[in-house]
Structures are given as C-alpha cells and as structure tokens.
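K.L.:
Quick one: the structure is below, and I'll ask about it shortly.
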Amino acid sequence: MSETSRPTPNRWKRFAEWDERPLRLDKFAAEDAENGFSAFRSPHDPAPSAMFSSGRVTSMDSKPAAGFDMIDTFIARYHLDPEIAPEAMAMPSLEVARMLVDMNVPRSELVRLARGMTPAKLAEVVAHLSSIEIAFAYSKMRARKTPGNQAHVTNAKDDPLQMAADAATAVAFGFDEIETTMRVARNAWSNAVACAVGASVGRWGTLFQCSSEEAEEIRIGMAGFTSYAETVSVYGTEKSFVDGDDTPWSKAFLAAAYASRGIKMRCTSGAGSELLMGFHESKSLLYLEARCLCLQRAMGVQGTQNGGIDGAPVTCTVPGGMRELMAENLIAVWLDLECASGNDARPTESEIRVGAKILPYLIAGSDLICSGFGSILKYDNSFNASLLNGEELEDYLVLQRDFEADGGLTPVDELRIMDLRRRAVDALGAVLEELNLSQPTPAMKQSVVSASGSDDTESYLPRDATLISEAIKERGITVVDVIKALAKRGFSEEAENLLKLVRLRISGDYLQTSAMVRGGRVLSAINDPNDYLGPGTGYRLSEVRRNEIVAIRDVLTREEVLRAEAIHKAAELKRINYRSLGPAHPGNDRTEVVIGVSPAFGIHLFQTVAGHPLSHVLRELMAGISEGGAKARIVRMHHTADTSFLGLSAARLAGSGIGIGLQAKGTAVIHQRDRLPHNNLELFSNSPITRLEHYRRMGANAAAYAFGKLPEPVVVPTRGEAMGSRYHARVSLIYAIETELTREGAEPEAVDVTLLGATA
Amino acid sequence: MTEKLTIHDYPLAEKRPDLVRGKRGKSPDDITLASVIDGEITMEDLRITATALLQQAEIARAASRDTLAANFERAAEMVAVPEDTMMRVYELLRPGRATSKTVLLDAARELQERYSATRLAEFVTEAADVYEQRGLFKNRF
C-alpha cells in the first residue's frame with residue numbers, strides 16, 4: 001500500500017454495484033392505501049354483505065341500494081344471484097378459501113357459489129391465499145382444460161409485409177391468438193389484412209384481432225378480417241368508467257354488438273387502471289378489480305383480459321403487487337370467465353422478476369397465458385414492450401421444457417421459419433398486387449424475410465401503409481376479396497385456411513367461453529372443460545405434446561460429441577504418437593513425476609473442453625516438469641477415469657511420490673502418494689477456462705513438490721461464469737465415454753509419448 | 001326448435017351441422033373455395049344469424065352461464081339492427097352523449113318498433129333511468 005492517503009469509503013461498495021443493475025431502474029412505491037397504493041386491503045374497502053328484499057338487492061358490501069353507483073347497480077341486477085347469495089355470503093371466507101385449494105371440491109360447486117358473492121366477498125376470500133395457493137387454485141379453477149397463448153404482432157413502421165411475415169411466424173410458434181395495433185390509427189385496415197393473410201400461412205385456426213377505435217374495430221371484424229376483440233375496457237370506479245368514456249350499459253351494449261356480428265369478445269380490466277386514472281376512491285387494487293370482474297360476468301361477456309394490463313407496472317411497485325395480479329386472475333376464472341391472464345405490459349427491467357412473474361402461470365396453465373406475448377422485438381411492439389418479447393421467446397421455450405409445462409408454444413426450426421416468412425411475404429405481396437393496392441418490390445420483400453425487426457427492413461413506411469389502409473377501407477374490400485386474390489395467384493392453401501376461419505363464424509361456436517381453435521376444431525370450456533380433481537386429472541401433457549415441447553434446438557447427443565471429437569483426430573495423429581510399453585511399474589527415481597492419463601485420452605477423445613489439443617496439454621505439463629528439474633513419465637490408467645484416482649494412482653507409481661492426474665476433458669490434479677483420494681495438492685477443476693500456461697505451471701509445481709518445496713499454487717481465475725450450464729451436458733457425455741473403457745482391477749499401462757513436429 | 005340444445009350438441013358445426021346455416025341459407029359445406037372463386041359466396045353468407053345466436057344461448061344456459069346466454073339473446077336481436085343504428089345507439093349510451101333522458105327513451109322505442117328488439121329496448125330504458133339518477137345527462141366536452 002502506498003503512503004498517499006486514499007479517500008475513506010463511506011459506503012459498502014456492493015450498494016454502488018447494485019445501483020448499476022437493471023433492477024434499480026424499477027421504482028417502488030410505499031404502501032399507502034389512502035392514495036390507492038394498496039394491493040389487497042385498504043381501510044376504505046367495504047365489509048362484504050348482501051341484503052335482499054323480495055328478490056332485489058337492498059344493500060351490497062355495506063352500501064344501501066339508494067347509494068349505489070352505476071357499477072353497484074349493474075352488479076346487483078345482473079351478477080348477484082338472490083338464490084345463492086344468502087348461502088354463499090354466510091360462508092366464512094377462510095372456509096371458502098380452503099375449498100378453492102381443496103382438490104376434492106369440484107370447480108362447478110365453487111363457480112356456483114361465486115354467483116352469490118359480492119366483490120368484497122370474492123376479494124376477502126382470495127386474500128386468504130398465499131401465492132402458491134393462488135397459483136394452484138388458478139390451475140384448478142380455469143375454465144378450459146387446454147392452455148393457450150396470445151401474441152402481439154406489430155411493428156414500428158406499420159409495415160404490412162413485416163406484419164404478414166411476423167404473423168406467420170407467431171402462428172408457427174403456436175400462438176392461438178394474435179393481436180395487432182398500429183403506430184398510426186389510420187393504418188388499422190392495412191394491419192388487419194396483413195395479419196389475416198400472414199396468419200393463414202402454415203396452418204389455420206389462429207384467431208386474430210386488430211385493436212383500434214370501437215366502431216372501426218367492429219367494421220374491420222364485419223369485413224371478415226378479424227375474429228375477436230378484447231379492448232372493451234371496464235373500470236372499478238364510476239368516475240374512472242366515465243372518464244374512460246363509457247358506462248356499464250354502453251359496454252354491455254357493445255358486447256352484444258360484437259356477438260351479433262359473430263365476433264368473439266372479452267373485456268379488459270386489471271389492477272392499477274383506476275390508480276392511473278386518478279379515481280381509486282382509496283380502495284385496494286384487488287377490491288376494485290373484483291368489481292370489474294363481477295361487472296363483466298354481469299354484462300355477459302365470455303371472458304376477460306386482466307391481471308394488471310396497462311396497470312401491471314404500477315401494481316408491481318407495491319408490496320404484494322405480483323401476488324395481487326395472480327389473485328385477480330383467480331377471481332376471473334372463479335367467476336367462470338375466460339382469462340387472458342396479463343403477463344402483458346413489461347412491469348420490470350429485471351430479468352429475474354420477469355422469470356418469476358411468468359412461472360406460476362406457466363406451470364398452472366391459463367386460457368391465454370399472456371394476453372400479449374411480444375412475438376416481435378421490444379422496439380417493434382406498438383402496445384409497448386411485453387413481459388416477454390421476441391428477444392426472450394427461446395427462454396420461454398426452454399422454461400416449458402424445464403418444467404414440462406405447456407405454455408402454448410412449440411419450438412420451430414430455422415428452415416421452416418424462413419419458408420413460412422417467405423411464403424407470407426409473397427402471399428401478401430400477391431394480394432396487394434391483385435387488389436391493386438400496391439406493388440412491393442422483390443428487394444422490399446427480401447429485406448423483410450430475414451429481418452428480426454423493422455430496423456433491418458427496407459420496406460413500407462407508415463405513410464405507405466396509410467395509402468393501402470385507406471384504399472382497403474374506401475373500396476370496401478372484404479375477406480372474400482382477399483381469399484379470391486390469394487386463390488387467383490396460386491396461394492390456394494392460404495385461401496383455404498382463411499376461408500375455414502371465417503366460415504367458423506356462422507355457427508357462433510367460438511363465441512362460447514374460452515373458445516380457441518386447435519387442429520381444426522373449436523375447443524372451449526364446453527367441450528374441453530377443466531376437470532381437475534387432483535393428480536391424474538385436469539390437463540396433462542400427452543406424449544406427443546411433450547415431444548414437441550422438448551424439441552428445442554442445439555441439443556447435444558453422444559453421437560454429436562463423438563462426431564466433434566473425430567474431426568480433431570486426424571490433426572492429433574500428426575502431432576503426437578502414443579506407444580504402449582506394457583504394464584507400468586512403480587519407479588524409484590526420486591526426481592520422477594508420473595502423469596496418469598484417462599482411458600480414452602488420445603484414443604476416442606482428442607481435445608479438452610477448452611479446446612486445447614491433448615498433445616499440447618501433455619507438451620506443456622512435460623515442459624513444466626522438466627523446467628522444474630524433474631522427469632515426466634506417462635501412464636495410462638484403465639481402472640479409473642476419476643481425476644483424483646488418476647492422480648493418486650500416478651503418485652503411487654512415481655519415484656518422487658508426486659503424480660498428475662489428467663482427464664481428456666482437461667481436468668487435472670497434482671497428487672501425493674500418501675494423501676487421501678480427495679485431499680490433493682492442487683486441482684484444476686474448471687477445465688473450460690484452463691489455459692495452456694496453467695498446465696505448464698502445474699508441471700513446474702509438481703516438480704517443486706517432488707523436491708519437497710512448497711510452491712505458490714496455480715489458481716485458474718474465474719469470473720463466476722455458469723460453467724456447469726455451458727459444459728455439463730458435453731462433459732457428462734465425454735466422461736461416459738471414458739468410464740465405459742474402465743475395467744475393475746486393470747493394470748496401468750506405461751506409454752511412450754512422442755511429440756511430432758506439426759504445430760497448431 | 002322444440003328440443004332445447006345441450007352441451008352435447010356443441011360445437012354445432014361438428015355435432016349439429018344440420019342446424020348451421022349462413023344468412024342466405026348456405027351450410028358450411030356449401031362454402032368452399034371453389035364457390036368463393038365462382039362468386040357464389042358473399043360476406044352475407046359468412047354472417048352469423050339470430051337463430052345461431054339463440055342456439056348458442058341455449059347451449060350457454062345449459063352450461064349454467066345465464067349471463068352469457070342473456071348477452072347472446074340481446075345479440076340475436078341486434079343482428080337485425082343495421083350497423084349505423086347500432087353504433088349510433090352505442091354512442092348515445094356513452095356518458096354525456098344524450099343530454100336528456102328522452103333521447104335514450106327514443107332510441108329504445110326505435111329498437112323496439114323498427115327491429116322488435118325487446119330486450120335491447122328494455123336495456124336502453126334501464127340505462128336511461130340509471131343515467132338520470134347518476135346525473136349523466138350533461139355535456140362532457
């Protein structure tokens with residue numbers, strides 16, 4: 001240390017390091033019920049109650065009917081069942097909470113009871129549950145058995161070609177629904193046509209929506225381009241509702257309007273929206289959301305998109321925020337609503353919080369796990385970045401495989417994706433040309449096919465999309481025109497797929513609760529009801545589905561490892577020659593260090609995990625030993641492949657009593673004759689980061705020990721890499737190749753090693 | 001229909017194709033790519049009918065989803081309501097659009113008299129009463 005004075009730190013440096021982590025970009029809010037920042041309970045939440053007089057509600061949640069706001073009135077008239085309420089409201093909340101996690105109480109019984117419960121009662125019940133209980137209850141209570149998922153497909157330029165390619169890509173990954181929206185409102189029609197065409201590439205059945213202004217959204221639906229809507233927002237306080245420019249009656253009217261045009265619809269609600277709109281009435285987030293959900297059931301919509309949609313980020317700032325989001329999803333499914341369970345707006349910059357947020361939903365399953373998984377890159381998401389995005393899609397695929405959980409997606413190989421993207425772009429190009437909307441150039445199309453995001457494209461810009469969009473709207477182009485154009489230009493498979501989807505509309509089958517299309521069939525809570533009653537019931541991965549989920553890319557096999565080794569064999573043969581000298585005997589030269597190599601060393605395996613040719617490793621060890629003044633002798637072990645025993649066996653043969661154990665994968669140890677097997681002198685356990693210079697110094701140290709000295713041990717520096725995750729699969733396969741060659745009691749074999757001239 | 005539909009009739013397109021017809025009477029089997037190319041199919045053939053919505057309402061009720069069934073029943077009435085009228089009434093139901101109760105009651109009467117939409121008319125009338133109580137008949141912008 002120098003004499004010059006350094007400033008005395010007044011802070012543990014770790015805090016400064018923590019300041020730099022993405023987590024610290026998240027801001028957290030103190031619990032403050034008065035100002036709306038309370039997840040589960042506020043002193044202003046009413047006590048649950050319901051009173052009736054001749055079949056009409058006279059008071060609800062401690063409020064007499066005369067004081068009801070519009071939301072109370074609507075819930076009291078259309079949700080609360082006077083036949084069930086006296087029974088349900090009288091049950092202790094804790095008892096009902098236990099029923100929710102009791103696998104012997106069927107879902108149908110709980111759904112019946114919910115019809116007689118007020119918002120405050122529903123909120124009070126679920127507040128008794130821990131996070132794991134909520135997740136379990138959710139998995140038991142969700143309406144449809146088979147889980148699904150929804151994607152956002154948007155881009156920063158409103159480029160229809162990219163929209164089509166990305167829609168086809170999302171469909172290939174297995175999303176059951178795709179949702180688009182625009183940077184420029186007028187581009188709705190262009191987006192809708194592009195996504196409709198893109199989603200018909202590869203397979204059929206993906207439902208599609210274009211989030212825009214209500215009247216426009218219905219018109220686009222009536223033209224046949226979209227099949228569902230989910231932006232019908234409801235709020236938990238009257239003032240928020242009115243500021244949202246609607247009432248329960250206007251929204252319920254709209255719900256009937258959508259159904260009358262054969263369009264599936266769900267509402268949107270979720271914690272935090274009232275807080276963001278400034279009218280929270282000092283109520284807890286959960287209570288307000290319980291009101292929204294009772295209202296939705298009352299309106300007769302089949303489902304909801306909730307779990308803090310745009311309000312998720314603010315909800316995640318309060319204690320228990322993420323648990324609250326799960327709890328409100330649970331109330332939704334308990335009320336028998338389809339649930340597109342949020343996991344939508346990105347609530348954090350911390351990848352750990354992202355992973356933690358998604359896990360309960362992934363393992364519990366959900367009608368739509370994300371109500372907008374960003375299938376595109378973050379910057380292309382016109383709704384704003386999602387919890388999970390194009391960047392992280394593979395992480396999600398691996399999570400499915402890790403937990404053997406059906407998250408609704410399926411890995412797709414690279415060639416297939418390229419084919420689908422090309423096909424989608426060509427199909428949309430043909431439609432644009434055929435309908436005289438635009439003439440995309442081959443260069444535009446090509447730039448889109450391989451593009452990860454709109455930064456990579458040389459294609460349409462928002463203004464171009466506007467011209468296309470206005471023309472579609474003004475000329476009254478419908479899905480029938482698009483189907484004809486596809487067929488005429490030879491895209492009959494896509495034409496057929498699109499037709500099959502719009503044809504479904506006639507029966508209205510997909511208007512029922514939790515409907516999606518799988519394998520050409522409508523699957524809903526009616527014909528695929530969640531029948532969970534404990535292990536062995538409910539949704540289980542079929543063998544076929546499991547095989548799909550586990551088939552991620554770049555999976556190592558033993559054959560692949562051996563193939564990789566064989567590539568190095570020829571080069572190694574030019575660098576080194578191993579000649580057997582028969583059984584090895586103990587030496588008596590006090591300056592001798594024995595290097596004990598593993599059974600497959602230089603026979604089936606030719607390089608370390610770090611990529612060093614084994615000849616180079618031996619050369620360095622031998623050079624180090626010689627520089628230290630000792631002599632090296634090489635012995636191949638046949639009775640063991642374990643580093644410690646290789647080293648100890650070598651030490652017992654060495655005249656100096658010092659041996660080096662060396663596995664083909666590069667793990668090395670210095671051992672001494674009279675030590676316990678796992679109590680060595682020096683060990684290089686991190687073979688992937690062990691460099692040749694380390695082996696040379698190890699050789700020199702072995703020589704030093706041979707002369708009874710105590711050298712400075714060689715430390716291979718590590719920066720804490722997740723070495724195991726990178727190498728363990730390969731290492732285990734390599735090691736199995738070694739252990740297969742071992743024979744119990746086999747004698748060590750003396751080997752004469754000649755290093756040949758070839759380098760590199 | 002005499003027998004009520006049950007959950008076993010669902011999905012109708014699969015289990016009861018005999019019941020599934022578009023607005024001009026075409027069955028899904030008639031709606032093929034060839035017939036689209038020949039120009040025999042228009043958007044009208046791809047629209048849902050009031051009958052289909054009432055059938056889905058029966059199924060929803062059989063599945064103990066009374067409120068969903070009621071929505072399908074309102075929707076069945078709405079099928080006959082032209083888009084412009086539908087969107088105009090929706091607009092009137094938004095806060096502050098109708099500046100007096102009469103405007104909503106007129107809309108309700110129109111739904112009843114021109115489209116025999118009894119349920120929708122009742123629904124709009126109910127809204128008019130609630131809006132009056134909650135003071136929503138005032139200009140907001």
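K.L.:
Looking at region A:535-546, can you tell me whether even one residue there is in contact (Cβ under 8 Å) with a residue 60 or more places away in the chain and within 30 Å of B:Val36 (Cα to Cα)?
P.N.:
no
K.L.:
For A:Asn701, all conditions in the list (1) surrounded by fewer than 22 Cβ atoms within 10 Å (Cβ to Cβ); (2) out of contact with any helix residue (DSSP H, G or I) (no Cβ under 7 Å at 6 or more places or on another chain) hold save one; what is the number of the exception?
P.N.:
Single failed check for A:Asn701: (1).
K.L.:
What's the number of the condition B:Leu105 fails, among (1) surrounded by fewer than 23 Cβ atoms within 10 Å (Cβ to Cβ); (2) over 14 Å from B:Phe123 (Cα atoms); (3) more than 8 Å from chain A (Cβ to nearest Cβ)?
P.N.:
Of the numbered conditions (1) surrounded by fewer than 23 Cβ atoms within 10 Å (Cβ to Cβ); (2) over 14 Å from B:Phe123 (Cα atoms); (3) more than 8 Å from chain A (Cβ to nearest Cβ), the odd one out for B:Leu105 is (2).
K.L.:
When you go through (1) at pLDDT below 95; (2) in a helix (DSSP H, G or I) one by one for A:Asp310, which number turns out not to apply?
P.N.:
(2)
K.L.:
A follow-up question, please. Would you pick out the residues in region A:742-760 that are open to solvent by 60 Å² or more (accessible area, probe 1.4 Å) and in contact with a Pro (Cβ under 8 Å, 6 or more places away or on another chain)? Working first, answer last.
P.N.:
Keep residues of region A:742-760 that are open to solvent by 60 Å² or more (accessible area, probe 1.4 Å), which gives A:743-745, A:747, A:755-757, A:759-760.
The answer is A:Glu747, and nothing else.
K.L.:
Can I ask one more? How many residues does region B:90-121 contain that are under 21 Å from A:Met222 (Cβ atoms) and outside any helix (DSSP H, G or I)?
P.N.:
Here the count works out to 2.
K.L.:
Within region A:684-691, is even one residue modelled with pLDDT under 95, assigned to a strand (DSSP E or B), assigned by TED's automatic domain parsing to the domain that holds A:Ala654 and crowded, with 20+ Cβ neighbours inside 10 Å?
P.N.:
Yes, because at least one residue in region A:684-691 is modelled with pLDDT under 95, assigned to a strand (DSSP E or B), assigned by TED's automatic domain parsing to the domain that holds A:Ala654 and crowded, with 20+ Cβ neighbours inside 10 Å.
K.L.:
Kindly list, by first and then second residue, each pair from a residue in region A:97-122 that is assigned to a loop (DSSP other than H, G, I, E, B) to a residue that is among the hydroxyl-bearing types (Ser, Thr, Tyr) and surrounded by fewer than 18 Cβ atoms within 10 Å (Cβ to Cβ), limited to pairs with Cβ atoms under 9 Å and residues at least 6 apart or on different chains.
P.N.:
Close Cβ pairs (under 9 Å, with a partner that is among the hydroxyl-bearing types (Ser, Thr, Tyr) and surrounded by fewer than 18 Cβ atoms within 10 Å (Cβ to Cβ)) amount to A:Met103/A:Thr537; A:Arg115/B:Ser64; A:Thr118/A:Ser49.
K.L.:
Mind telling me which of the residues A:Ser656, A:Ser644 ends up being open to solvent by 10 Å² or more (accessible area, probe 1.4 Å), among the polar types (S, T, N, Q) and not in a loop (DSSP other than H, G, I, E, B)? Even if it seems obvious, please write down each step before you answer.
P.N.:
Values: A:Ser656 fails: not in a loop (DSSP other than H, G, I, E, B).
Sole residue among the options that is open to solvent by 10 Å² or more (accessible area, probe 1.4 Å), among the polar types (S, T, N, Q) and not in a loop (DSSP other than H, G, I, E, B): A:Ser644.
K.L.:
Go through the residues of region A:183-199 one by one and say whether even a single one is part of a strand (DSSP E or B) and in contact with a strand residue (DSSP E or B) (Cβ under 6 Å, 6 or more places away or on another chain). Don't jump to the end; show me each part of the working.
P.N.:
Narrowing region A:183-199 to residues part of a strand (DSSP E or B): none.
No, there is no match, as no residue in region A:183-199 is part of a strand (DSSP E or B) and in contact with a strand residue (DSSP E or B) (Cβ under 6 Å, 6 or more places away or on another chain).
K.L.:
Can you run down the residue pairs with Cβ atoms below 8 Å, 6 or more apart or on separate chains, where the first is in region A:266-288 and within 30 Å of A:Tyr510 (Cβ to Cβ) and the partner is of a type in the set (Asp, Glu) and part of a helix (DSSP H, G or I)?
P.N.:
A:Ser269/A:Glu289; A:Gly270/A:Glu289; A:Gly270/A:Glu328; A:Ala271/A:Glu289; A:Ala271/A:Glu324; A:Ala271/A:Glu328
K.L.:
Can you name every residue in region B:62-89 that is in a helix (DSSP H, G or I), open to solvent by 20 Å² or more (accessible area, probe 1.4 Å) and of a type in the set (Lys, Arg)? Quick ask: steps written out before the conclusion?
P.N.:
Quick first cut of region B:62-89, residues in a helix (DSSP H, G or I) only: B:62, B:66-78, B:83-89.
This time we only want the ones that are open to solvent by 20 Å² or more (accessible area, probe 1.4 Å), so: B:62, B:66-67, B:70, B:73, B:77, B:83-84, B:87-88.
Correct list: B:Arg88 only.
K.L.:
Hey, another quick one. With respect to the numbered conditions (1) touching a residue at least 60 places away in the same chain (Cβ under 8 Å); (2) within 13 Å of chain B (Cβ to nearest Cβ); (3) in contact with a helix residue (DSSP H, G or I) (Cβ under 6 Å, 6 or more places away or on another chain), which one is the sole condition not fulfilled by A:Arg291?
P.N.:
Only one criterion is unmet by A:Arg291, namely (2).
K.L.:
In region A:167-198, what residues are over 17 Å from A:Leu393 (Cβ atoms) and charged (D, E, K, R)?
P.N.:
Within region A:167-198, A:Arg183, A:Arg186 qualify.
K.L.:
Of all residues in region B:62-82, how many are more than 7 Å from every other protein chain (Cβ to nearest Cβ) and not small (Gly, Ala, Ser)? Talk me through it step by step, then tell me what you get.
P.N.:
As a first pass, look at region B:62-82 and keep what is more than 7 Å from every other protein chain (Cβ to nearest Cβ): B:62, B:64, B:66, B:69, B:73, B:76-77, B:80-82.
Checking which are not small (Gly, Ala, Ser) leaves us with B:66, B:73, B:77, B:81-82.
Total satisfying the criteria: 5.
K.L.:
Quick check: is even one residue across region A:712-723 assigned to a helix (DSSP H, G or I), open to solvent by 50 Å² or more (accessible area, probe 1.4 Å) and in contact (Cβ under 8 Å) with a residue 12 or more places away in the chain? Explain how you work it out, then say what you get.
P.N.:
The initial filter retains those residues of region A:712-723 that are assigned to a helix (DSSP H, G or I), namely A:723.
From the residues that got through so far, the ones that are open to solvent by 50 Å² or more (accessible area, probe 1.4 Å) too are none.
No, every residue in region A:712-723 fails to be assigned to a helix (DSSP H, G or I), open to solvent by 50 Å² or more (accessible area, probe 1.4 Å) and in contact (Cβ under 8 Å) with a residue 12 or more places away in the chain.
K.L.:
Identify all residues within region A:203-251 that are in contact (Cβ under 8 Å) with a residue 60 or more places away in the chain, facing another protein chain (nearest Cβ under 9 Å) and farther than 28 Å from B:Val36 by Cα; write none if there are none.
P.N.:
Matches in region A:203-251: A:Glu238, A:Phe241, A:Thr247, A:Pro248, A:Trp249.
K.L.:
Look through A:Asp310, A:Asp344, A:Asp402 and report the one residue that is away from chain B (no Cβ under 14 Å), surrounded by fewer than 20 Cβ atoms within 10 Å (Cβ to Cβ) and over 25 Å from A:Tyr532 (Cα atoms). Full working, then the answer.
P.N.:
Numbers: A:Asp344 fails: surrounded by fewer than 20 Cβ atoms within 10 Å (Cβ to Cβ); A:Asp402 fails: over 25 Å from A:Tyr532 (Cα atoms).
Every option except A:Asp310 fails the conditions.
K.L.:
Evaluate the following for B:Val130: is it free of Cβ contacts under 8 Å to residues at least 12 places away in the same chain, of a type in the set (Val, Ile, Thr), at the interface with chain A (Cβ under 10 Å from one of its Cβ atoms) and open to solvent by less than 10 Å² (accessible area, probe 1.4 Å)? Show your work before the answer.
P.N.:
Working: free of Cβ contacts under 8 Å to residues at least 12 places away in the same chain: yes; of a type in the set (Val, Ile, Thr): yes; at the interface with chain A (Cβ under 10 Å from one of its Cβ atoms): yes; open to solvent by less than 10 Å² (accessible area, probe 1.4 Å): yes.
Here the answer is yes, as B:Val130 does meet what is asked.
K.L.:
Right, next: Filter region B:115-141 down to the residues that are hydroxyl-bearing (Ser, Thr, Tyr) and under 13 Å from B:Thr102 (Cα atoms) and list them by number.
P.N.:
Going residue by residue through region B:115-141, those that are hydroxyl-bearing (Ser, Thr, Tyr) are B:115-116, B:118, B:125, B:131.
Once the filter is applied, which keeps residues that are hydroxyl-bearing (Ser, Thr, Tyr) and under 13 Å from B:Thr102 (Cα atoms), region B:115-141 yields B:Thr125, B:Tyr131.
K.L.:
Moving to a separate point now. Which of the residues that make up region A:305-322 are more than 16 Å from A:Gly365 (Cα to Cα) and not hydrophobic (A, V, I, L, M, F, W, C)?
P.N.:
Initially, region A:305-322 is screened for residues more than 16 Å from A:Gly365 (Cα to Cα), giving A:308-322.
Scanning region A:305-322 gives A:Gly308, A:Asp310, A:Gly311, A:Pro313, A:Thr315, A:Thr317, A:Pro319, A:Gly320, A:Gly321.
K.L.:
Given the options B:Ile59, B:Ile48, name the one that is outside any loop (DSSP other than H, G, I, E, B), among the hydrophobic types (A, V, I, L, M, F, W, C) and modelled with pLDDT of 95 or more.
P.N.:
Working: B:Ile48 fails: outside any loop (DSSP other than H, G, I, E, B).
So the residue among B:Ile59, B:Ile48 that is outside any loop (DSSP other than H, G, I, E, B), among the hydrophobic types (A, V, I, L, M, F, W, C) and modelled with pLDDT of 95 or more is B:Ile59.
K.L.:
State which residue is farthest from the chain's Cα centre (by Cα) when the search covers only region A:65-80 and only residues that are surrounded by fewer than 19 Cβ atoms within 10 Å (Cβ to Cβ) and more than 9 Å from chain B (Cβ to nearest Cβ).
P.N.:
Ranking the qualifying residues of region A:65-80, first place goes to A:Ala66.
K.L.:
Does any residue in region A:601-612 that is farther than 19 Å from A:Ser685 by Cα come within less than 6 Å, Cβ to Cβ, of a residue that is at pLDDT 95 or above and of a type in the set (Phe, Trp, Tyr) six or more places away or on a different chain, and which pairs are these?
P.N.:
A:Gly602/A:Tyr578
K.L.:
What number of residues in region A:481-501 are closer than 12 Å to A:Phe225 by Cα and either open to solvent by 10 Å² or more (accessible area, probe 1.4 Å) or more than 8 Å from every other protein chain (Cβ to nearest Cβ) (or both)?
P.N.:
Just the residues of region A:481-501 that are closer than 12 Å to A:Phe225 by Cα, to begin with: A:481-483, A:498-499, A:501.
Those still in the list that are either open to solvent by 10 Å² or more (accessible area, probe 1.4 Å) or more than 8 Å from every other protein chain (Cβ to nearest Cβ) (or both) too: A:481-482, A:498, A:501.
Residues that pass the stated criteria total 4.
K.L.:
Go through region B:1-25 and report how many residues are under 25 Å from A:Leu523 (Cβ atoms), more than 8 Å from chain A (Cβ to nearest Cβ), open to solvent by less than 60 Å² (accessible area, probe 1.4 Å) and assigned to a loop (DSSP other than H, G, I, E, B).
P.N.:
2
K.L.:
Only one of (1) open to solvent by 30 Å² or more (accessible area, probe 1.4 Å); (2) within 17 Å of the chain's Cα centre (by Cα); (3) not charged (D, E, K, R) fails for B:Gln56. Which number is that?
P.N.:
Of everything listed in (1) open to solvent by 30 Å² or more (accessible area, probe 1.4 Å); (2) within 17 Å of the chain's Cα centre (by Cα); (3) not charged (D, E, K, R), B:Gln56 misses just condition (1).
K.L.:
Is there any pair linking a residue in region A:404-429 that is of a type in the set (Lys, Arg) to one that is open to solvent by 10 Å² or more (accessible area, probe 1.4 Å) and part of a helix (DSSP H, G or I), with Cβ under 7 Å and at least six apart or on different chains, and which?
P.N.:
Once the first residue is of a type in the set (Lys, Arg) and sits in region A:404-429, its partners that are open to solvent by 10 Å² or more (accessible area, probe 1.4 Å) and part of a helix (DSSP H, G or I) give A:Arg416/A:Ala172; A:Arg421/A:Thr169.
The values are calculated or read from the model by the stated rules, or taken from the named source; none is laboratory data. In this text, all values refer to a predicted model and were calculated from it rather than measured experimentally. A quick note on method: Cβ atoms are made from the backbone with ideal geometry, for glycine too, and the neighbour counts reach across all protein chains shown. Areas reflect the complete protein model, heavy atoms only, side chains present, ligands, DNA and RNA absent. Shrake-Rupley method; radii C 1.70, N 1.55, O 1.52, S 1.80 Å.
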